[in-house]
Amino acid sequence: MPSGLSIIGCSILYLEIVLPMKYSELAGDIISRVSESYSGILDLRLTIGEVGLTNDMYDPTRGQYKAWRILESLGVHRNPTVYVVDVDAYVPHLNFVFGLAIPWLRCAAVFTPRLHHRNKNIFSIRLAKEIVHESGHLLGLEHCINPYCVMSFSNSILDVDRKSWQFCEKCRTLLIRSIKARY
């Protein structure tokens, strides 16, 4: 797959997706959907790899991982990078998160346990939606009020299932402007 930012014609920016080995069989479906969302805007790179988890990232009283600690441990990235991590995670004041993005790190994570489904196609669609959502935050987008836009906030799995893996027209326009301004 060629790399580079199609809209600007520069080859230094791309979206990196890091997928654990256990989901490598879903990689084609996930990449296809994410690529469709960023068509003409941004190219993708896929890496198969695992995130190293440590005891200080785990909260035994909640039985969950601290999402922000996982991202902080991954450090600052040159290109926007989304890791798929197979643990349940939270941030303060929320019971759980499907994902978290920290724009200044150019790093995000999607947490799979609450996205799982026995149907692999549904699971891969959910993963693609959350990868696009969190990478959208890395590229300057906020939550969208359109419940069908990939950038809408998901409070439950029903919200994830309702929304598309595509940006609404407003968010797509904002995304293009944001990328041009930042890169």
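Some notes on this structure:
- Close pairs from the range 29-50: first farther than 12 Å from W165 by Cα, partner in a helix (DSSP H, G or I) and among the acidic types (D, E), Cβ under 8 Å, at least 6 apart: none
- Neighbours by Cβ (under 7 Å, 6+ apart or cross-chain): first from the range 90-112, without any contact (Cβ under 8 Å) to a residue 40 or more places away in the chain and under 19 Å from E50 (Cβ atoms); second among the polar types (S, T, N, Q) and outside any strand (DSSP E or B): A108/S135
- The residue pairs whose first member lies in the range 67-80 and is closer than 12 Å to A109 by Cβ and basic (K, R), whose second member is at pLDDT 95 or above and surrounded by fewer than 18 Cβ atoms within 10 Å (Cβ to Cβ), and whose beta carbons are closer than 7 Å, counting only pairs six or more residues apart or on different chains, are R69/D56.
- Which listed residue is out of contact with any His (no Cβ under 8 Å at 6 or more places or on another chain), surrounded by fewer than 13 Cβ atoms within 10 Å (Cβ to Cβ) and not basic (K, R), from W165, W104: W104
- Positions within the range 116-147 being more than 11 Å from A101 (Cβ to Cβ) and either part of a helix (DSSP H, G or I) or modelled with pLDDT under 95 (or both), in sequence order: K120, N121, I122, F123, S124, I125, R126, L127, A128, K129, V132
- So A128, is it of a type in the set (G, A, S) and under 15 Å from S37 (Cβ atoms): yes
- Qualifying positions in the range 31-52 - of a type in the set (K, R) and touching a strand residue (DSSP E or B) at 6+ places or on another chain (Cβ under 9 Å): R45
- Of the strands (runs of 3 or more DSSP E) contained entirely in the range 9-74, those carrying at least 2 residues that are under 15 Å from the mean Cα position of the chain (by Cα) fall at 15-19, 44-48.
- On inspection, D43 passes the criterion of being of a type in the set (D, E, K, R), over 18 Å from A109 (Cα atoms) and at pLDDT below 95.
- No other residue among G75, G99 is under 22 Å from D56 (Cα atoms) and buried (at least 20 other Cβ atoms within 10 Å of the Cβ) apart from G99.
- For the range 1-27, the set of residues classified as modelled with pLDDT under 95, over 17 Å from L139 (Cβ atoms) and touching a helix residue (DSSP H, G or I) at 6+ places or on another chain (Cβ under 9 Å) consists of M1 only.
- The range 75-96, residues that are within 13 Å of the chain's Cα centre (by Cα) and not in a loop (DSSP other than H, G, I, E, B): T81, V82, Y83, V84, V85
The values are calculated or read from the model by the stated rules, or taken from the named source; none is laboratory data. Not measured: the values here are computed from a predicted model. Don't worry about glycine lacking a Cβ; one is built from the backbone with ideal geometry, like all the others, and counts go over all protein chains shown.
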